[in-house]
Every structure is written in structure tokens, then in C-alpha cells.
Amino acid sequence: MDETKIRLIGAGGHGILTLGRIIGETAVKNGMEAIMTIGYSPARRGGWSRADLILSDEKIDYPIFTESNILITTTQETYDLEHRNVMEGGLIIYESSLVNPKIVNDVRQVGVQAFENALKLGNRVVANIIILGFVNTILKLFPDEALLEVIKSRVKARYRDLNLRAYNVGRRIAMDMVGVV
């Protein structure tokens, strides 16, 4: 595997850093190298948070990048900031209820209604886990069992069932879209 560079970006409170930590920890537990850097907007309230991940089978030389293979974004503001920074042949996954995508040549774009589906589960907080199930089903980064084990270890016991159901909702959405993606 070449280095896979994933940029996760969205509003503070959207679970971006948790999502990055789960992906990174799963990579390490599956024998890969992983590194994550984080960033925040300078705004005191209503700002964005970002997690940049590099996954590789070999040592990672440098932890910072400007262009990603995969962009996952949950707001229009963060989409607008980053959609031009996806490599040719890359993928943008966006929250379709909040983002109006633009034409980006040689980049696939797929929308997912994570927030709406999270509300159907009873808690908007698990939208990030819906996105995780969606992304992993499309890209097949890891075995589902590996991600589910990390989710179980990172989530408080009283929220485990909700998060596991959210992951499966994301998988179902992706499977329903297989002909579209």
C-alpha cells in the first residue's frame, strides 16, 4: 500500500478527531503505520477541527501534507476550504444535507446523509460513526470486525450499542449506493 492521506474536517463537535483516532488506532492494530496531526480554526466558537491521517505499510517520513487522497467533510465551509486539495483520482465524501458540492475534475464525490440518519438513531453525535461505516464499506480499508473492536474500546459502555448500530447504518447506506459510487 502506498501512503494513503486522509483529511477529515468539519465543525467542532462533529466527532472529527474521534473519527481520526479510531481509523489510526485500527490501522496500527492491523500492522500498519499511522500518524495523525490535528488542527483547529482560530475561531473561538463555531470553528472547524481537522484530523490529517497518513496510513502506510512502511515508515512514514513526514507527517504533514497539503493534498489528500481522501477528503471527508461535514460542512460547506470546510468543503470550500479543502475540495481543491484532493489529488487527481481521489475521493471526497461529504455530508449531503449540509454541503453543495462543486465540480472537481478527476475526483469522485459521494454524499452521505449522516446527520439525518444519526437523528433517526436518536443522537446526532454518532454521525461520525455512520460516516466511518460508510467510508470503510466503500474503500475496504479494514475488516469491519477490526473497526468495531476499536469503537467498542473507545466508546463509553452506555453508548456502545448506539455506536455499533450507527456503524451498521453507514454500511447499509454504502451498500445501497454501490451501483452509484
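The values are calculated or read from the model by the stated rules, or taken from the named source; none is laboratory data. Being a predicted model, the structure only gives us computed values, none of them experimental. Neighbour counts run over all protein chains shown; Cβ positions are idealised from the backbone, glycine included.
Data table
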{"quantity": "Single match in Ile151, Ile130 (criterion: buried (at least 19 other Cβ atoms within 10 Å of the Cβ), at negative phi and touching a Gly at 6+ places or on another chain (Cβ under 7 Å))", "calculated": "Ile130"}
{"quantity": "Qualifying residue in the stretch 56-76 (condition: outside any loop (DSSP other than H, G, I, E, B), surrounded by 15 or more Cβ atoms within 10 Å (Cβ to Cβ) and either at positive phi or charged (D, E, K, R) (or both))", "calculated": "no"}
{"quantity": "Conditions (1) closer than 18 Å to Gly12 by Cα; (2) modelled with pLDDT under 95: number failed by Leu132", "calculated": "(2)"}
{"quantity": "Residues within the stretch 34-55 that are part of a strand (DSSP E or B) and more than 18 Å from the chain's Cα centre (by Cα), tallied", "calculated": "0"}
{"quantity": "Condition met for Gly89 (in a helix (DSSP H, G or I) and either modelled with pLDDT of 95 or more or surrounded by fewer than 17 Cβ atoms within 10 Å (Cβ to Cβ) (or both))", "calculated": "no"}
{"quantity": "Which numbered condition Gly39 fails, given (1) within 26 Å of Val107 (Cα to Cα); (2) of a type outside the set (Phe, Trp, Tyr); (3) touching a strand residue (DSSP E or B) at 6+ places or on another chain (Cβ under 9 Å); (4) touching a residue at least 24 places away in the same chain (Cβ under 8 Å)", "calculated": "(4)"}
